[in-house]
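Take a look at the structure below.
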Amino acid sequence: MSPPVNTKQDTPRARASISPAWTTNYTQYDPFSATRHGFNNPQSLCYRNSALVTYLHTPALLNWFQYHSLHHDCGQKLRCPLFAFQNLIVSYWFGNNPQHEICLDHFWNILLETTWNPAVRKIDIYHDHQDVLEFMEAFIALFYDHLSLDEHTELDCIFKTTTNKYYACKNCSHTEPLSQDTCTFLTGRFPSGAPNQTTTIEDAIIEGFQDSTISDGSRKCPRCKDGSLSLRDRIKDLPEILFVQINRQDLFGEKLKYPIFYEEELIIPDQIRGHDLNDVGKIWYELYAINLHVGDEITKGHYTCAVKGPNGKWTRLDDNRKLEELTFSQLQSYKHSEESYIFAYRRLPLQGDFKVGVKELASTPAVCDMNPVDSNPSDSQSLQPDSQNSQPDFQASQSDSDSSQSDGGVRLEEIIELDGRNIDWTVNHDLHLDKGILLSQFKPRTKTQRANIRLVLTSKETGEILEGEGYISLKLRGTQTKPRAKTPTVAKTPSSTNPNTASGKEVKPRGITKRAPKKARTKKTISPSPPYVQPGVRRSNRNRTKK
């Protein structure tokens, strides 16, 4: 099958304003790395890893994040899921394994506090087997909850299928509208009367839209007064990204290990299309990812996924292991077809008149706004394939002696001491704060400003990760007068112009300087300051055990 060339048949299509195609940022990337490996699985998080790798190979979503992260400002980037996942995108595709594991950890913590909260869902996320479909829905719900209603339209165009429910009279064919619904996943079922060895993905989708008969006499046709009615569900509008879940559970809770036959392109069957799509030609989709469930039981097993990279090649991934590169014929093998659970498609054709096209996206830097791994400017996390990189905010920190606070900015001075260790650091950063906004804003009858502090420390040599989070109270110590402008001076040493190349040795990122050991320095007496004592940072439970 070949995708359609004529785009006029897609006129009624509610297209997204951002291109769903791979941009040159990805297609010009190293072809040997075009499909990256996945993520570590500490215990039973294969469902999470499989879902995230699928989303990270969804170009329509990647482009939306790249554009939206540059135009969205919630005021709390540290806890913003948009910026957290954008950091994960950049580190996954253009960083290294330690980087994207740390970015994953940051995004994962946000999920655990919101739409994938184990206390709310009453689940054990690290030991119990979870459904990858439920996690994928929680992933999308996270961004819907964070955005305003006006910002939902673009995500609706990317993910939401609109269906019309209505009653249909079997006697006179009269129809009566009931409701209009939206969904993210279409459900495919195995036909009960057909041989299980010949079920195609189209057959399964049609079976999922089968009419249900109303036989209790509770409703009659308003035209002929006959009581033979059926409840129908038909598609009104289709998204850029279409997910199809195959129901592999029978009435007794057993897993159905029947194969599903599929091609690399999918044509939406006429049987499930509503009246709004009558005048539209064939609607094509291209397969780009499959989530596979390996195991004989519904409540047990292991998730892997097969994804199609920007180079057009298929790869099967199992957590952080890149199992094999596959041809599509190998992916269609009997073993993989009976393990297939969720199919991910993107709509064709990919060309169109977009508000933000491929060229605009390729020329727009999509940089990390924070990097918990390394703040070395030489490792700029830009989606630009060439060297025309814009420096992100977190990399623009200057040395202690030469930095100056710009109007509207905030100077952060922090001391980190590890309890029981002869190790401490002084951290200095310039933070962004819009001009005219007060730093302190106390609640009635309070004299402190509460602040949530989260630290992630990563050893570049051993890969050890220490993290911690807690609230502290900040007191207003006074008001600092604005310093006079400094007279520019010429740097006298090469190390002052480039602090990252001193004597040919690797040095610490700018803004962080290691202090002298406690025995060799004199204890300073500091005037009253915020009552903050950093406890020993404890290692997260999920990093103690690797499976």
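I'd like the full set of residues that are hydrophobic (A, V, I, L, M, F, W, C), surrounded by fewer than 18 Cβ atoms within 10 Å (Cβ to Cβ), within 23 Å of Lys255 (Cα to Cα) and modelled with pLDDT of 85 or more, limited to the stretch 191-227.
Ile206, the sole residue that qualifies.
From the list Glu207, Glu254, pick out the single residue that is more than 17 Å from Ala344 (Cβ to Cβ), of a type in the set (Asp, Glu) and in contact with a Gly (Cβ under 8 Å, 6 or more places away or on another chain). It would help to see each step written out before you state the result.
Values: Glu254 fails: in contact with a Gly (Cβ under 8 Å, 6 or more places away or on another chain).
Just a single option satisfies the conditions, and that option is Glu207.
Specify the residue that is surrounded by the fewest Cβ atoms within 10 Å (Cβ to Cβ); the eligible residues are those in the stretch 322-350 that are among the small types (Gly, Ala, Ser) and not in a helix (DSSP H, G or I).
Out of the qualifying residues, it is Ser333.
Taking the condition of being out of contact with any helix residue (DSSP H, G or I) (no Cβ under 7 Å at 6 or more places or on another chain) and surrounded by 17 or more Cβ atoms within 10 Å (Cβ to Cβ), how many residues in the stretch 256-273 meet it?
Within the stretch 256-273, residues that are out of contact with any helix residue (DSSP H, G or I) (no Cβ under 7 Å at 6 or more places or on another chain) and surrounded by 17 or more Cβ atoms within 10 Å (Cβ to Cβ) number 2.
If you check Arg248 against the conditions, is it touching a residue at least 12 places away in the same chain (Cβ under 8 Å) and more than 23 Å from Met136 (Cα to Cα)? Step through it out loud before you land on a result.
Values: touching a residue at least 12 places away in the same chain (Cβ under 8 Å): yes; more than 23 Å from Met136 (Cα to Cα): no.
Taking the combined requirement at face value, the residue does not satisfy it.
Do you know which residues across the stretch 224-259 are of a type in the set (A, V, I, L, M, F, W, C), assigned to a loop (DSSP other than H, G, I, E, B) and farther than 23 Å from Val294 by Cα? Walk me through how you get there before you give the answer.
Here is the first cut: in the stretch 224-259, the ones of a type in the set (A, V, I, L, M, F, W, C) are 224, 229, 231, 235, 238, 241-244, 246, 251-252, 256.
In the following step, the residues that additionally are assigned to a loop (DSSP other than H, G, I, E, B) were identified as 224, 238, 251-252, 256.
Correct list: Cys224, Leu238.
Considering only the stretch 282-301, I want to know if a residue exists there that is at pLDDT below 90, of a type in the set (Val, Ile, Thr) and surrounded by 15 or more Cβ atoms within 10 Å (Cβ to Cβ).
Yes: one or more hits.
Strands (runs of 3 or more DSSP E) wholly in the stretch 376-458 with at least 1 residues that are under 26 Å from the mean Cα position of the chain (by Cα), within 30 Å of Tyr67 (Cβ to Cβ) and modelled with pLDDT of 75 or more - which ones?
Passing ranges, in order: 424-432, 448-458.
Could you tell me which numbered condition Glu134 fails, if it satisfies all but one of (1) crowded, with 18+ Cβ neighbours inside 10 Å; (2) in a helix (DSSP H, G or I); (3) of a type outside the set (Phe, Trp, Tyr)?
With respect to (1) crowded, with 18+ Cβ neighbours inside 10 Å; (2) in a helix (DSSP H, G or I); (3) of a type outside the set (Phe, Trp, Tyr), Glu134 is out only on (1).
In this structure, does Glu101 turn out to be in contact with a Phe, Trp or Tyr (Cβ under 7 Å, 6 or more places away or on another chain), of a type in the set (Asp, Glu) and either assigned by TED's automatic domain parsing to the domain that holds Leu82 or within 23 Å of Pro310 (Cβ to Cβ) (or both)?
Judged against the criteria, Glu101 is a match.
Taking the condition in a helix (DSSP H, G or I), within 11 Å of the chain's Cα centre (by Cα) and surrounded by 18 or more Cβ atoms within 10 Å (Cβ to Cβ), does Leu155 pass?
So Leu155 does not fit the description; no.
Please work out which one of (1) over 25 Å from Phe209 (Cα atoms); (2) assigned to a strand (DSSP E or B); (3) touching a helix residue (DSSP H, G or I) at 6+ places or on another chain (Cβ under 7 Å) is the condition His293 fails and give its number.
The failed condition is (1).
I'd like the residue in the stretch 137-152 that is part of a helix (DSSP H, G or I) and small (Gly, Ala, Ser) and, out of all such residues, is surrounded by the fewest Cβ atoms within 10 Å (Cβ to Cβ).
Per the criteria, the residue is Ala141.
Have a look at Lys160, Lys170, Lys165 and point out the one that is touching a residue at least 60 places away in the same chain (Cβ under 8 Å), among the basic types (Lys, Arg) and under 25 Å from Ile18 (Cα atoms).
Numbers: Lys170 fails: under 25 Å from Ile18 (Cα atoms); Lys165 fails: under 25 Å from Ile18 (Cα atoms).
Checking each option against the conditions leaves just Lys160.
Return yes when Ser329 is small (Gly, Ala, Ser) and out of contact with any Asp or Glu (no Cβ under 9 Å at 6 or more places or on another chain) and no when it is not.
Numbers: small (Gly, Ala, Ser): yes; out of contact with any Asp or Glu (no Cβ under 9 Å at 6 or more places or on another chain): yes.
When the stated conditions are applied, Ser329 passes them.
Return a yes/no flag: does the stretch 311-321 have any residue that is surrounded by fewer than 20 Cβ atoms within 10 Å (Cβ to Cβ), of a type in the set (Gly, Ala, Ser) and within 23 Å of Thr198 (Cα to Cα). Working first, answer last.
Looking only at the stretch 311-321, we keep the residues that are surrounded by fewer than 20 Cβ atoms within 10 Å (Cβ to Cβ), and these are 311-313, 320-321.
Applying the additional criterion that residues be of a type in the set (Gly, Ala, Ser) yields 312.
Okay, now just the ones that are also within 23 Å of Thr198 (Cα to Cα), so none.
The answer is no; no qualifying residue exists.
Output the helices (runs of 4 or more DSSP H) that fall wholly within the stretch 6-116 and possess 1 or more residues being at pLDDT below 80 and within 15 Å of the chain's Cα centre (by Cα), or say none.
59-71, 97-113
The values are calculated or read from the model by the stated rules, or taken from the named source; none is laboratory data. Keep in mind the model is a prediction, meaning the values are calculated, not measured. All Cβ positions, even for glycine, are placed from backbone atoms using ideal geometry, and neighbour counts span all protein chains on display.
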